[in-house]
Amino acid sequence: MRYLPLSKITEKMFLAHSVFGNDGRVLLKKGTRLTSSYLSRLEKMDFSDLYVYEAPDETWDCTGPVSDRIRAEAMQVLWQSLIRVVERKPLNDQQISFVIEGVLKDVLRNEDCLYDIIDLKTADNYLYNHSLNVCVISILMGKELDFDRDGLKEIALGAFLHDLGKAYIKSAVKKLQELSLLDTVQIKQHAKRGFDILRPNFSSRVAQIAYQHHEREDGSGYPLGLIGIDIPVYSKIVAIADSFDAMVSRRVYENPQWNEQALEELEQESPTKYDPTVVAALRRSVALFPIGSVVQLTDGEQRVVVAATKTRLILQKTGQLSDLLELPTDDFTRIEKRVL
């Protein structure tokens, strides 16, 4: 299993991660042989990298903490919610609550779970995948901070809907593209708009997450300029998850950072911008070396990460699918560096 740029994928390879449309429809199923026509279509859709199998009988899982079924349902619900906001119709809070229950069940079913994938975002699907990623990461962080299940659900709802206020800003849905000055001004209004949208249907905590996810410890955030003592921990969780997912994503003005680089930057900006306790919860919630990354061992050998949990990494030798090395997470001394 590999995570490769489209330019290095051959017609002998198979898709290892289903590709979804913004409305949750599966455009290409996991296991599909990647013909030249499929690769051309994916390139036109602005995909730059994909998870691929080098053999049809590979079974390594790179779907992340959320199953394809729940991902499809969540993307469909978010797509429908954005449409309802634009049409000024009330949100279907029962439908949203139902899909978040599914996300929670998936994320919490495995005690060893980490956010372990390199996400596949394009300009068109950024908002949908970002919202779900922030939701998943926030649940894992909340779990690390000992929130009970009711608290985790409120965090999940707020995280999933945190950018709903961007529905009115067409270019914001395509965050990988460059924003105009007017777009930037409007973007700063999305937190308040999200709060106003959520307040009639959801708890004050859920609405406040949308309102406060751009606030910072030193008061430099927006829209209210709150300082750390005035920002609830659930809003801090989503703020940090939001920043992390943006940092590891491809953007028009910046290449994606690796997980370790993003974590180090967030730690360097603590306690000025971020709460160190909450950043520490993030570090315990995401894989240092996500599935598909390539690491170099101290003996110079390079291997691909094919599984990552809180307790172990499984590394596959490139080109030798049966040559596996298992490392406990307390023995990363054998890893010299990440190379891809």
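Computed from the coordinates by the stated procedures, all read-outs in this text should not be read as laboratory data. Note that the coordinates shown come from a computational prediction; the quantities given were computed from them, not determined experimentally. A quick note on method: Cβ atoms are made from the backbone with ideal geometry, for glycine too, and the neighbour counts reach across all protein chains shown.
Here are the numbers for this structure:
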item	result
Residue order, fewest to most beta carbons within 10 Å, for Cys62, Cys135	Cys62, Cys135
For Ser40, net neighbour charge (Lys/Arg +1, Asp/Glu -1) across residues whose Cβ lies under 13 Å away	-1
Shape call, the stretch 294-338: gyration tensor on alpha carbons, a/c limit 1.5	oblate
Test item: Cα-centred dipole of the stretch 294-338, Lys/Arg +1 and Asp/Glu -1 on Cβ, debye	180
Mean-position separation - Cα centroids, the stretch 113-131 and the stretch 244-292, in angstrom	14
Tensor-based shape of the chain (alpha-carbon gyration tensor, a/c under 1.5 rounded, otherwise prolate or oblate)	prolate
Cα-based reach from Lys8 at 27 Å (exclusive), listing lysines while leaving out same-chain residues under 8 positions away	Lys29, Lys30, Lys44, Lys121, Lys174, Lys175, Lys317, Lys337
Whether the stretch 1-155 is rounded, prolate or oblate, judged on the alpha carbon gyration tensor where a/c under 1.5 counts as rounded	oblate
Least to most buried among Glu11, Glu58 (fewest other Cβ within 10 Å first)	Glu11, Glu58
Dipole of the chain [Lys/Arg +1, Asp/Glu -1 at C-beta], most positive-end residue of Pro276, Gln189, Ser243	Gln189
Relative contact order (%) - the chain, alpha-carbon pairs under 8 angstrom, separation at least six	15
Mean Cα-pair separation over length for the stretch 2-53, i.e. relative contact order, pairs under 8 Å, 6 or more apart, %	53
Helix-derived mean residue ellipticity, 222 nm - over the chain, DSSP H n ≥ 4, -39500 (n - 2.57), to 500	-12000 deg cm²/dmol
For the chain, built as a Gaussian network whose Cα springs stay under 10 Å, the top-fluctuating residue of Ile137, Ile96, Ile83	Ile83
